[in-house]
1. Restricting to region 169-197, give me the number of residues that are hydrophobic (A, V, I, L, M, F, W, C), within 15 Å of ligand 1 (Cβ to nearest atom) and either loosely packed, with under 12 Cβ neighbours inside 10 Å or assigned to a loop (DSSP other than H, G, I, E, B) (or both).
2. Just to be sure I understand the filter: pairs with C-beta atoms under 9 Å, separated by 6 or more residues or on different chains, first member in region 154-172 and aromatic (Phe, Trp, Tyr) and modelled with pLDDT of 80 or more, second member within 16 Å of ligand 1 (Cβ to nearest atom) and open to solvent by 10 Å² or more (accessible area, probe 1.4 Å). Which pairs pass?
3. Would you mention how many residues in region 259-287 are out of contact with any Leu (no Cβ under 6 Å at 6 or more places or on another chain), at pLDDT 95 or above and either closer than 28 Å to Gln160 by Cβ or within 16 Å of ligand 1 (Cβ to nearest atom) (or both)?
4. I'd like the full set of residues that are closer than 29 Å to Gly266 by Cβ and either touching a Gly at 6+ places or on another chain (Cβ under 6 Å) or more than 16 Å from ligand 1 (Cβ to nearest atom) (or both), limited to region 213-228.
5. Output the number of the condition that Asp228 fails; it satisfies all remaining conditions of (1) away from ligand 2 (no atom under 16 Å from the Cβ); (2) within 27 Å of Lys294 (Cα to Cα); (3) not in a loop (DSSP other than H, G, I, E, B).
6. Does His139 qualify as being surrounded by 22 or more Cβ atoms within 10 Å (Cβ to Cβ) and out of contact with any Ser or Thr (no Cβ under 8 Å at 6 or more places or on another chain)?
7. Applying the selection to region 262-277, what residues are within 22 Å of Glu240 (Cα to Cα) and open to solvent by 50 Å² or more (accessible area, probe 1.4 Å)?
8. Can you tell me which residue among Leu243, Leu273 is more than 26 Å from Lys43 (Cβ to Cβ) and either over 20 Å from the mean Cα position of the chain (by Cα) or more than 16 Å from ligand 2 (Cβ to nearest atom) (or both)?
Amino acid sequence: MQDILINRAGSYMHAGTEFSGGNMTHLIYNDPSFEVTHDVFPKGTVGCFYTMDTEEFEFNYIIKGRLEIFDVKEKVLLSPGDTFCYQKLERNHLFKAIDDVELLSIRKTPCFGEFEESVTHLNEILFQLQNVDGDTLSHCERVKNLTMGIAYYLEFDQSQLLNLFYAAKFHDVGKARIPVEILLKPEKLTDDEYEVMKTHSRHTYEMILEYYGPEVAKIAFDHHERLDGKGYPQGLKGDEISLAARIICVADAYDAMVVTRPYRVGMTTKNALAELRRCQDIQFDSIVIDALEKYLLDLDKEIN
Ligand SMILES: [Fe+2]
Ligand SMILES: [Fe+2]
């Protein structure tokens, strides 16, 4: 048909591009004034609708799954067939995919292309690493979700949130440059091996720098620093560590404690929070732990 543009199912303009926290986004149609995407959020994905400076309009139709949108004041659960749209948000809003969610999204300010190239490259590195260690990609994804949740309660502005988003999502991408025999060693690492493992912060810095610039790279570089100065790689102390890096540090430690590994069962939420509290003001920022606790409560996680 000459006068009707038809695209058969699966033949997207850009297929299979992942740009944001484990979700798949397919560009279905675009022209200079608007774009249409089909977005897939795996169950558990947490993301954020940001306050924007520009005039923006986005309309979403839920095809599948339930999506919860919430801010400090209220919570709304949306189901298939529901729609939501926004134009110039007054506050940041978090969303969480309760099930595997599919959305049709129409927006006035095309943004697909902006994300595509850079995120795809580092994501591919994480995907390859997942094949090797079976862990880093999913760990980074969970840490990103926690980080976004914590940051929300600390009221980050839009540009800070985006920097934090990328820094968290790729905070361990440098592990791709750690020799496999050290990365996968089941026994405790020797001192020398541990020193090599610690260099993943610097590798991460270099890899992120290329795509996201120095601000994002520096946040990720500092994710193993501690308030008491006993962290690495630089042994920074207190305020020398940005709030953004302190957030990823807490999210990282929390995830490491609660995740279940083949050789041990993960801690309960309550015990992991207690462990963070035990190390607050020494290793972790207490304000960040407060925010994590609020976030977990708001997600109705049973503290048991
Ligand atoms: Fe790390
Ligand atoms: Fe990590």
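The values are calculated or read from the model by the stated rules, or taken from the named source; none is laboratory data. Predicted model only: the values in this text are computed from it and were never measured. With ideal geometry, Cβ positions are generated from the backbone for all residues, glycine too; neighbour counts draw on all protein chains shown. Side chains included, ligands, DNA and RNA excluded: accessible areas come from the protein's heavy atoms. Shrake-Rupley method; radii C 1.70, N 1.55, O 1.52, S 1.80 Å.
1. Summing the residues that are hydrophobic (A, V, I, L, M, F, W, C), within 15 Å of ligand 1 (Cβ to nearest atom) and either loosely packed, with under 12 Cβ neighbours inside 10 Å or assigned to a loop (DSSP other than H, G, I, E, B) (or both) in region 169-197 gives 3.
2. Tyr166/Ile219; Phe170/Ile125; Phe170/Met207
3. Selection size over region 259-287: 13.
4. Once the filter is applied, which keeps residues that are closer than 29 Å to Gly266 by Cβ and either touching a Gly at 6+ places or on another chain (Cβ under 6 Å) or more than 16 Å from ligand 1 (Cβ to nearest atom) (or both), region 213-228 yields His224, Glu225, Leu227, Asp228.
5. So Asp228 meets the others, but not (3).
6. It is false that His139 is surrounded by 22 or more Cβ atoms within 10 Å (Cβ to Cβ) and out of contact with any Ser or Thr (no Cβ under 8 Å at 6 or more places or on another chain).
7. Passing the criteria: only Arg277.
8. The match here is Leu243.
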